[in-house]
1. Extension gain K33-N167, at 0.36 nm per residue separation less the Cα-Cα distance, in nm?
2. Report for the range 2-206 the percent antiparallel among DSSP-assigned beta bridges with both residues inside it, nearest 5.
3. I need the peptides 104-116, 16-28, 142-154 ranked by packing, meaning the mean over residues of other C-beta atoms within 10 angstrom, with the highest value on top.
4. Mind checking which of L98, F199, F87 is farthest towards the positive end of the chain's charge dipole, using Cβ charges of +1 (Lys, Arg) and -1 (Asp, Glu) about the Cα centre?
5. Give me the distance between the Cα centres of the range 86-106 and the range 168-183, rounded to whole Å.
6. Please sort 47-57, 174-184 by packing, taking for each peptide the average over its residues of neighbouring beta carbons within 10 angstrom, highest first.
7. For E104, put the label point 7 Å out on the Cα→Cβ axis and report which residues of the range 73-89 keep their amide N under 19 Å from it.
8. Enter the Cα centre distance for the pair the range 115-134 and the range 1-33, rounded to the nearest angstrom.
Amino acid sequence: MIAILDYGMGNIASIQNMMRRVGGDAVITSDLKNVEGLSGIILPGVGAFDNAMQKLNASGIADVLRYFVLEQKTPFLGVCLGMQLLFESSEEGKLPGLGFIRGEVRRFTGPDFDSGKLKIPHMGWNVVQPREDAALFAGLDQEPRFYFVHSYHVVCADDRDIAATCNYGYDFTCSVHKENIYAAQFHPEKSHRFGMKVFENFMERVC
């Protein structure tokens, strides 16, 4: 059973619907310990970094996640803010992140953004460049397109954790992979056939 974490910060119903479309057995829950046969975890997220971390910490979900993801090595997929929360810190807030992956979250910045040539948030469809061995993107077209809505992006301390990049003003990391941990900055649940394939590929990691 794949658990979609409900902590009040994500498109949980949309993700569950997409999982069902690709044949996944997924349940929405805020209590991972009570999911029978837990085989995978999806952490969605829409909103502000500190607000999300406050909810995860206050509910005890953060500690439970550390147990299942870091100790039990349960396959994990973070989506949008759910990817940013994996990192150590964010320019958006002051609270520490989960710290599952070394690095930080930064706001888009530079002359094109200062001049207004490029808008923040980065919103809409964009081409992603996966690494050749990136499991989440296996079987996709050479230039897969995904739907983005975000003002911040992750910066990995270790380039080996980068699974895919995208360009918006400059190249930025839009997907990461470390051991049993997978994550994407884009919204696979809004990315039609490309997103469906990402969920199918995650399910293969679970099975």
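1. Working: separation 134, 0.36 × 134 = 48.24 nm, distance 3.89 nm.
In short, 44.3 nm is gained.
2. Details: 25 of 41 bridges.
Among the beta bridges of the range 2-206, antiparallel pairing accounts for roughly 60 percent.
3. Averaged packing, sorted descending, gives the order 142-154, 16-28, 104-116.
4. Most positive-ward Cα: F199.
5. 14 Å
6. Ranked from most to least packed, the peptides come out as 174-184, 47-57.
7. Under cut-off, by backbone N: 83-89.
8. The two parts, judged by their Cα centres, are 26 Å apart.
Quick note: the coordinates plus some simple rules give every number you see, no bench work behind them. As the structure is a prediction and not an experimental result, all values here were calculated from the model. Every residue, glycine among them, receives a Cβ derived from its backbone with ideal geometry; neighbour counts consider all protein chains shown.
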